[in-house]
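Single-structure report; data block below.
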Amino acid sequence: MKEFVIVTDSTTDLPKTYYEEKGVVVVSLSYIMDGVTYEDMNGLSGREFFDKIREGSMPTTSQINPEQAKEALEPIVKEGKDILYIGFTSGLSGSYNSVRIAAEELIEEYPDGKIIVIDSLCASMGEGLLLYKAVELKEQGKTMEEIAQWIEDNKLHVCHDVTIDDLYHLHRGGRVSKASAVVGTIIKIKPIIHVNDEGKLIVIGKERGRKRAMLSLIDRMEKKSEGFENNVVMIVHGDAEEDAEFLAKEIRERFGIENIIINGIGAVIGSHTGPGVVSIFYMGERN
């Protein structure tokens, strides 16, 4: 079996140590804050980033371009290895299309190579959950094609259940409509959102108060995860570690799941959610 490398982008929001331990190559998106360009994962700390937003700074983000993608992938192909690329949802970014273009150019130049580029239709640790499963399958000896097929068959079963303090940042970045953003302006009303089958963010409800909003995420998980095996659950937060730990405690008590990965959200995704976002990711019924 020909050797292959799993590649993804920085929006998977897993701990940096995970990529290093598993040999996953990460292509970084970037963001600009106060006139300074930073590479996602290698810029400001989560606390510094969100404190700047709280103080009024408004970050903007940049997708991966074809040249950047080609620069990251070409050394792997040159070594004679194939590539399985798991990309950020095309519903929120043009990065997937940039990587696809780069892959097509590389295969013309290196016809003995093979590059599979997957539109995950997932974001943040939803994409990260697919990556985690792909790495598990690789460690079990599955081929690149078998892993790619598993992802295609299961990517719409990755559930993203999210609550944020308001929808201003999502609206500002064009991720939700102005009408949806109005929900977030109502005092003490916390929106509940998810990623739909097109890989886009959709407001699906609202709860009065932060704690009720978080518990509603757990209630959704109880309904949607029935019949699915979840050997890992992921939780991401925007400088809200205490809330993430609360969700982890509820998940352990209600579902008996011990393998829970908690991490701070990356700056690129965090630019569009703002501080205070918390989200859980697991396998379940289609959205």
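The values are calculated or read from the model by the stated rules, or taken from the named source; none is laboratory data. Just so it is clear, the model here is predicted, and its values are computed rather than measured. Ideal geometry is used to build each Cβ from the backbone, glycine not excepted, and the neighbour counts take in all protein chains shown.
Within segment 139-149, count every residue that is crowded, with 16+ Cβ neighbours inside 10 Å and out of contact with any helix residue (DSSP H, G or I) (no Cβ under 6 Å at 6 or more places or on another chain). Reasoning before the result, please.
First pass over segment 139-149, keeping only residues crowded, with 16+ Cβ neighbours inside 10 Å: 142, 144, 147-148.
Narrowing further to those that are out of contact with any helix residue (DSSP H, G or I) (no Cβ under 6 Å at 6 or more places or on another chain): 142, 144, 148.
The number of residues fulfilling the criteria is 3.
Only residues that are assigned to a loop (DSSP other than H, G, I, E, B) and touching a residue at least 60 places away in the same chain (Cβ under 8 Å): list them for segment 45-94, please.
Of the residues in segment 45-94, the ones assigned to a loop (DSSP other than H, G, I, E, B) are 45, 55-59, 63-65, 79-81, 88-94.
Residues satisfying the conditions are M58, P59, G80, K81, F88, T89, S90, G91, L92, S93.
Would you confirm whether or not segment 36-55 contains a residue that is modelled with pLDDT of 95 or more, within 23 Å of I151 (Cβ to Cβ) and in contact with a strand residue (DSSP E or B) (Cβ under 9 Å, 6 or more places away or on another chain)?
No: segment 36-55 contains no residue that is modelled with pLDDT of 95 or more, within 23 Å of I151 (Cβ to Cβ) and in contact with a strand residue (DSSP E or B) (Cβ under 9 Å, 6 or more places away or on another chain).
Please verify whether segment 114-131 includes one or more residues that are at positive phi and crowded, with 24+ Cβ neighbours inside 10 Å. Quick ask: steps written out before the conclusion?
Step one: filter segment 114-131 for residues at positive phi, giving 121, 124.
After this cut, where a residue has to be crowded, with 24+ Cβ neighbours inside 10 Å as well, the list is 121, 124.
Yes: one or more hits.
So, T89, is that one surrounded by 20 or more Cβ atoms within 10 Å (Cβ to Cβ) and β-branched (V, I, T) or not?
On the way: surrounded by 20 or more Cβ atoms within 10 Å (Cβ to Cβ): yes; β-branched (V, I, T): yes.
So T89 passes the test.
Quickly run through segment 9-60 and pick out the residues that are in contact with a Phe, Trp or Tyr (Cβ under 7 Å, 6 or more places away or on another chain) and within 30 Å of D112 (Cβ to Cβ).
Correct list: D9, V26.
Which of the residues spanning segment 148-183 are modelled with pLDDT under 65 and more than 12 Å from G274 (Cα to Cα)?
Correct list: G174, R175, V176, S177, K178, A179, S180, A181, V182, V183.
Do you know which residues across segment 21-44 are within 21 Å of V233 (Cα to Cα) and either touching a residue at least 60 places away in the same chain (Cβ under 8 Å) or within 18 Å of the chain's Cα centre (by Cα) (or both)? Spell out the reasoning first.
Just the residues of segment 21-44 that are within 21 Å of V233 (Cα to Cα), to begin with: 21-22, 24.
Passing the criteria: K22, V24.
Filter segment 34-44 for residues that are outside any strand (DSSP E or B) and either more than 15 Å from V268 (Cβ to Cβ) or β-branched (V, I, T) (or both) and give the result.
If we filter segment 34-44 for residues that are outside any strand (DSSP E or B), which is where we start, we get 34-35, 40-44.
Within segment 34-44, D34, G35 qualify.
Within the bounds of segment 251-274, is there any residue that is surrounded by 16 or more Cβ atoms within 10 Å (Cβ to Cβ), among the charged types (D, E, K, R) and farther than 21 Å from T12 by Cα?
Within segment 251-274, none of the residues are surrounded by 16 or more Cβ atoms within 10 Å (Cβ to Cβ), among the charged types (D, E, K, R) and farther than 21 Å from T12 by Cα.
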